[in-house]
Ligand code: LMR
């Protein structure tokens, strides 16, 4: 969306939002009598992924803790909105909760989140959690307030693997491949440094694009690869763990503000529990998905030697010196030198 349209949409959203909020408040202050209050949670991943499970966990937790007063209706798998549409829907209040992958936030004006796309930045989940659970993470979540949304938490998916129609071991194996990416400058550059073309599209369109041979490969944690049914179309998957993919849980500001404090307190508590749950299960979910991929027999799972991993890292290293955005450069430097 261009800037002018985004501004218009945001403005229109605010007007429509205010009118609705006014009417709603006039009509009915939330009270126990009006239960249940329904909050709509839209996301693009399948139910049996770390994000899908955490969304359902949050919904159950909130129902239980509010005695059914608040119901979070979860719409998984792009059934309501695809990834390009989610944030706008949240701003307009047509959904109340989303948890997009952070790779989608930079192109919407939140460039700091791009730091999570940098290849080989995080050694492991512990290194990552120093960022997401520390002051850097808190500042990033707070910055989402600029879009009339509330950043609530980070939910891990996990480390990404590369898949394609040909085996990817050496950097030269990427030459000429059309690789699907999420809308991120860093991810585009990453694919180009490896010698591939980068094609940006919604997750919901990846399977059809592979079927139509519009793309040759993609990257994602194993849980998304498996649950999007990509195995039969991708004969090779390389366990590269070359980058991270995580989600930012966000609420529509007006939906949140309309809730009485006693309910926001309970929902906040439930978000804390759902976040711990999401971040506990992510690794095991991806390991189980990788095992399912291997057992299904469509996709040969490849591992890289130390030499091959080093060659991928060397090919991707220039991305760090090319970072244009000062906030991303500052955050990347902090993460790399572990200064928190
Ligand atoms: C994607 O590839 O677009 C996904 O990883 C997004 C998601 O939300 O998991």
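Just so it is clear, none of the values below were taken in a lab; they were calculated from the coordinates. Everything quoted here is computed from the prediction, not taken from an experiment. Counting neighbours? That spans all protein chains shown, and the Cβs are built from the backbone with ideal geometry, glycine included.
Note on the range 74-154: along the principal axes its Cα atoms extend 37, 25, 22 Å, ordered by decreasing extent. Neighbour counts of C-beta atoms inside 10 Å place 97, 293 in the sequence 293, 97, starting with the fewest.
Summarising the overall dimensions of the range 149-297 from its C-alpha atoms, the Rg and Dmax are 18.1, 58 angstrom.
Under Stokes-Einstein, with the Kirkwood radius over Cα pairs as Rh, the value for the range 83-124 at 25 °C and 0.890 mPa s is 214 µm²/s. Label positions at residue 138 and residue 82, each projected 7 Å from the Cα along the C-beta direction, are separated by 3.9 nm. Look at where the Cα atoms of the range 167-229 and of the range 282-340 average out, and the two centres are 14 Å apart. For the range 278-340, the Kirkwood radius over C-alpha pairs fed into Stokes-Einstein at 37 °C and 0.692 mPa s yields D = 215 µm² per second.
A helix-only calculation puts the chain at -14500 deg cm²/dmol for mean residue ellipticity at 222 nm, using -39500 (n - 2.57) for each DSSP H run of at least four residues, averaged over all residues. Here 155, 312, 256 are placed in order of increasing Cβ neighbour count within 10 Å, fewest first, which gives 256, 312, 155. Put a dot 7 Å past the Cα of residue 322, heading toward its Cβ, do the same for residue 126, and the two dots end up 3.3 nm apart. Maximal additional length on extending the residue 300-residue 273 stretch stands at 6.1 nm, based on 0.36 nm per residue less the C-alpha distance.
Seen against the Cα atoms of the chain and their longest principal axis, helix 326-336 is set at about 70 degrees. For the range 212-340, the alpha-carbon coordinates run over 54, 40, 30 Å along the three principal axes, in decreasing order. The alpha-carbon atoms of the chain, seen along their principal axes, cover 64, 43, 39 angstrom, with the largest extent given first.
Remark: 143, 337, 270 ranked as 337, 143, 270, counting other beta-carbon atoms within 10 Å and listing the fewest first. The mean of 1/r over all pairs of different alpha-carbon atoms in the range 37-189, once inverted, gives a Kirkwood hydrodynamic radius of 17.2 Å. The relative contact order of the chain, computed from alpha carbon pairs under 8 Å that lie at least 6 residues apart in sequence, is 24 percent.
Between helix 306-316 and the chain there is an angle of about 60 degrees, using the helix long axis and the longest principal axis of the Cα atoms.
Between helix 83-92 and the chain there is an angle of about 20 degrees, using the helix long axis and the longest principal axis of the Cα atoms.
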